[in-house]
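Each remark here refers to the structure printed beneath this line.
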Amino acid sequence: MAGSSNSKLANRILIGLVIGIVAALVSLAIGQASPAFLAGARTFSTQVLDPIGQIFLRMLFFVVIPLVFASLATGVVQLGRLDKLGPLAGRTFTFFFLNMAVGVALGLLMMNVLRPGDHLDVESKTRLMAEFGGAAEKHVTASTTRPAMNLPTVVDMFMPKNLFGAFVGQQRNVLGDVLPLILFAILVGAVGTQLAEERRKKLQEALELVSDLMTGIVHFALRIAPYAVPAMIYSVIIKVGLDILIALGVFVLGCGGILLFHLFVSMSVFLKIWTKRSPLQFFKDIKAVLVTAFSTSSSNASLPTALSVCKETLGVSPSTAGFVIPLGTTMNMSGTALYEGCVVLFVAQVFGVDLSFAQQITLLLLSVLSAVAVAGIPGGSLPLIAGLLATFGIPPAGIGIVLGADRILDMMRTMTNVGCDTVTAVIVDEQVKKAESAAAARAA
């Protein structure tokens with residue numbers, strides 16, 4: 001039922017996106033003959049449509065701080081005792097991190113080569129920055145005047161003297177810094193694993209309650225999305241012009257292509273290096289899993305199929321499949337991490353914010369960490385992407401540009417997430433079996 005509801009919501013958002021684009025194109029065409037009409041359309045967008053979009057965006061901004069903290073801390077707490085995770089968990093988390101990091105690296109490489117945000121001319125970028133408020137110029141200026149990336153700077157970024165002041169922020173119209181919050185959440189979760197079992201469960205339940213509440217607010221926001229998306233895309237196109245559509249189209253094609261490349265090429269390399277399986281046969285075997293993930297856009301909905309295929313078709317031991325696949329459903333978000341990095345870099349390019357190599361390495365790590373905290377619902381990554389944008393001095397409202405594309409790419413990144421889970425399960429299972437065989441040989 002939930003899957004059907006999510007599908008209907010996605011369809012409504014896509015329909016809204018098309019309506020907004022068509023209406024904007026018609027308005028631009030009329031505006032060619034009647035400049036007064038175009039001026040009126042832009043005024044209408046500013047006075048009526050922009051506030052509708054802002055209601056949606058600011059509901060997402062509301063939940064950034066509590067959702068990032070609760071989700072990350074919960075993810076660490078639920079691991080149990082950090083010192084007793086064992087070989088299975090150690091291998092699982094190593095490959096989770098590895099395939100997410102590789103995915104983000106590929107996404108950033110594609111964005112640096114393709115540079116879809118550069119399809120806007122200087123005049124369009126100037127109009128776009130002005131449209132997103134006077135704070136945009138301040139963000140761009142701040143990003144160019146930051147100190148050099150070195151060890152003292154990194155320490156200050158992650159561990160400011162005033163923790164709460166850093167992530168709460170000093171201005172009502174600017175999101176606070178998410179980096180210290182991420183570190184603080186990890187520390188709270190790590191200490192929570194050391195508590196007595198009863199107290200650890202209470203902490204986990206409290207954090208999950210906060211996460212559920214914030215996810216509920218995101219659900220409320222998503223109900224507005226079918227109306228906010230056409231309003232925002234119409235407003236952006238009518239003010240910036242067709243260049244933004246071209247840039248968005250290049251972004252969608254590039255991001256979709258690199259998601260497929262990571263799933264079918266990167267994971268084939270993983271299988272070749274750490275297993276004896278044929279990648280071609282492997283992807284034939286998990287076809288049902290990929291189709292389920294693509295059609296439902298839900299890792300949770302794909303869980304039963306993934307477990308069944310791993311155990312019955314791929315021959316993964318029940319203990320490994322039962323550990324890796326459910327955990328991967330919530331923590332191994334390879335496609336989501338890749339997408340987050342691409343969105344941040346795309347919006348940075350659109351606004352003319354140049355991220356250095358060191359900043360992009362930081363973005364890679366933060367995309368991996370934040371992807372783990374993403375709620376398993378449509379649009380669940382949007383609040384975290386907003387936080388990442390603010391971290392790098394990019395106007396968070398810029399996510400409005402890619403909102404329609406987020407729905408289009410959701411199916412593809414879910415398929416990548418689930419496909420990478422099954423690859424990890426196969427690799428970990430073979431590694432554990434080899435270790436057990438070696439231990440048995442030594443004992444003999």
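The values are calculated or read from the model by the stated rules, or taken from the named source; none is laboratory data. These figures come from a predicted structure and were not determined experimentally. Virtual Cβ from ideal backbone geometry, glycine too; neighbours counted across all protein chains shown.
I'm checking my understanding of the structure. Among residues of the stretch 262-276 that are in contact (Cβ under 8 Å) with a residue 24 or more places away in the chain and hydroxyl-bearing (Ser, Thr, Tyr), which one is nearest to residue 337 (Cα to Cα)?
Per the stated criteria, the residue is 266.
All but one of (1) farther than 19 Å from residue 432 by Cβ; (2) touching an Asp or Glu at 6+ places or on another chain (Cβ under 8 Å) hold for residue 336, so report the exception by its number.
Among (1) farther than 19 Å from residue 432 by Cβ; (2) touching an Asp or Glu at 6+ places or on another chain (Cβ under 8 Å), the lone unmet condition for residue 336 is (2).
The conditions are (1) of a type outside the set (Lys, Arg); (2) modelled with pLDDT of 75 or more; (3) assigned to a helix (DSSP H, G or I), and residue 194 fails exactly one of them. Which is it?
Checking residue 194 against (1) of a type outside the set (Lys, Arg); (2) modelled with pLDDT of 75 or more; (3) assigned to a helix (DSSP H, G or I), the one that fails is (3).
Looking only at the stretch 261-299, count every residue that is loosely packed, with under 14 Cβ neighbours inside 10 Å and within 18 Å of the chain's Cα centre (by Cα) and tell me the total.
Taking the stretch 261-299 first, the residues loosely packed, with under 14 Cβ neighbours inside 10 Å are 265, 269, 272-273, 276, 278, 280-281, 284, 287, 291.
If we keep only those that are within 18 Å of the chain's Cα centre (by Cα) too, we end up with none.
Of the residues in the stretch 261-299, 0 are loosely packed, with under 14 Cβ neighbours inside 10 Å and within 18 Å of the chain's Cα centre (by Cα).
Tell me which residues, restricted to the stretch 197-221, are closer than 29 Å to residue 382 by Cβ, of a type outside the set (Asp, Glu) and either modelled with pLDDT of 90 or more or touching a Lys or Arg at 6+ places or on another chain (Cβ under 6 Å) (or both).
Step one: list which residues in the stretch 197-221 are closer than 29 Å to residue 382 by Cβ, which gives 203-221.
Now narrow it down to the ones that are of a type outside the set (Asp, Glu): 203-204, 206-207, 209-211, 213-221.
Result: 203, 206, 209.
Give all pairs with beta carbons closer than 9 Å in which a residue from the stretch 184-203 that is in contact (Cβ under 8 Å) with a residue 12 or more places away in the chain and buried (at least 18 other Cβ atoms within 10 Å of the Cβ) meets a residue that is basic (Lys, Arg) and assigned to a helix (DSSP H, G or I); count only pairs at least 6 apart in sequence or on separate chains.
Listed by first residue and then by second, the contacts come to 192/199; 192/200; 193/200.
Of the residues 188, 140, only one is assigned to a helix (DSSP H, G or I) and modelled with pLDDT of 75 or more; which? So that I can check it myself, show each step before the final result.
Values: 140 fails: modelled with pLDDT of 75 or more.
Result of the check over 188, 140: 188.
Checking the conditions here, which among 178, 240 is within 30 Å of residue 102 (Cα to Cα) and surrounded by 15 or more Cβ atoms within 10 Å (Cβ to Cβ)?
Values: 240 fails: within 30 Å of residue 102 (Cα to Cα).
None of the other options fit; the residue is 178.
Take the conditions small (Gly, Ala, Ser) and at pLDDT 85 or above and apply them to residue 308. Does it pass? I'd like the intermediate steps shown before the answer.
Working: small (Gly, Ala, Ser): yes; at pLDDT 85 or above: yes.
Yes.
Among the residues of the stretch 411-440, how many are among the charged types (D, E, K, R), over 30 Å from residue 9 (Cα atoms) and in contact (Cβ under 8 Å) with a residue 24 or more places away in the chain? First the steps, then the outcome.
Restricting attention to the stretch 411-440, the residues satisfying the condition of being among the charged types (D, E, K, R) are 413, 421, 429-430, 433-434, 436.
Add one more test, that the residue is over 30 Å from residue 9 (Cα atoms), and what stays is 429-430, 433-434, 436.
After this cut, where a residue has to be in contact (Cβ under 8 Å) with a residue 24 or more places away in the chain as well, the list is 429-430, 433.
Matching residues across the stretch 411-440 total 3.
Are any residues in the stretch 154-169 in a helix (DSSP H, G or I) and at pLDDT below 70, and if so, which ones?
154
Only one of these conditions is not met by residue 172: (1) surrounded by 15 or more Cβ atoms within 10 Å (Cβ to Cβ); (2) at pLDDT below 85; (3) within 28 Å of residue 156 (Cβ to Cβ). Which number is it?
Among (1) surrounded by 15 or more Cβ atoms within 10 Å (Cβ to Cβ); (2) at pLDDT below 85; (3) within 28 Å of residue 156 (Cβ to Cβ), residue 172 violates only (1).
Can you work out which of the residues in the stretch 1-35 that are modelled with pLDDT of 85 or more, farther than 16 Å from residue 230 by Cβ and assigned to a helix (DSSP H, G or I) is farthest from the chain's Cα centre (by Cα)?
The qualifying residue farthest from the chain's Cα centre (by Cα) is 33.
Pairs please, first residue from the stretch 164-182 and under 16 Å from residue 363 (Cβ atoms) and among the acidic types (Asp, Glu), second anywhere and in a loop (DSSP other than H, G, I, E, B) and modelled with pLDDT of 65 or more, Cβ atoms under 9 Å, 6+ apart in sequence or on different chains.
Matching pairs, first to second residue: 177/160; 177/169.
Within the stretch 36-58, is there a residue that is under 30 Å from residue 188 (Cβ atoms), at pLDDT below 85 and part of a loop (DSSP other than H, G, I, E, B)?
No, the stretch 36-58 has no match at all.
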